[in-house]
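So the structure is just underneath, and the comments pick up after that.
The values are calculated or read from the model by the stated rules, or taken from the named source; none is laboratory data. In this text, all values refer to a predicted model and were calculated from it rather than measured experimentally. Neighbour counts are summed over all protein chains in view; Cβ atoms, including those assigned to glycine, are modelled from backbone coordinates with ideal geometry. To get the accessible areas, we keep the full protein, side chains included, count just its heavy atoms, and leave off ligands, DNA and RNA. Shrake-Rupley method; radii C 1.70, N 1.55, O 1.52, S 1.80 Å.
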Amino acid sequence: MERRQSKRLTVNLKAERLSCNKDCSVFIDNLSENGIQIITAPAKNPGVFVPGAAVEIKLKTANGETIKLYCNVKWAYDNSQEDLTNSVGLEILDPPFEYREFIKKLN
């Protein structure tokens, strides 16, 4: 089994997927220094969440700060048949300083 590089923190944060036409809201289920898991409505374009695809996420922190994250899809699980959501694992590319500080405050 693959070992994680950094500790995962369970959260319930609202975020927005950039570069989409509508229904761009996602929920961050858990996060770490290098990755996040989002819960989203099923994508109208299945190519959006294929491994290797680029995804931009805009996260708004509790203090109102906005952090833009550039990510690659690592995995996607379509359970839309059961509960109308998808789970998607994202690798954060070059996490910005603001995001790393945000993670430190959550620990």
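Given 2, 16, which one is modelled with pLDDT of 85 or more, of a type in the set (D, E, K, R) and closer than 25 Å to residue 106 by Cβ?
Working: 2 fails: modelled with pLDDT of 85 or more.
Going through 2, 16 in turn, just one is modelled with pLDDT of 85 or more, of a type in the set (D, E, K, R) and closer than 25 Å to residue 106 by Cβ: 16.
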Worksheet, complete the sentence: Picked from the range 86-100 (must be under 16 Å from residue 11 (Cα atoms) and open to solvent by less than 70 Å² (accessible area, probe 1.4 Å)), the residue farthest from the chain's Cα centre (by Cα) is 99
Worksheet, complete the sentence: Out of (1) at pLDDT below 90; (2) surrounded by 15 or more Cβ atoms within 10 Å (Cβ to Cβ), the one residue 83 does not meet is (2)
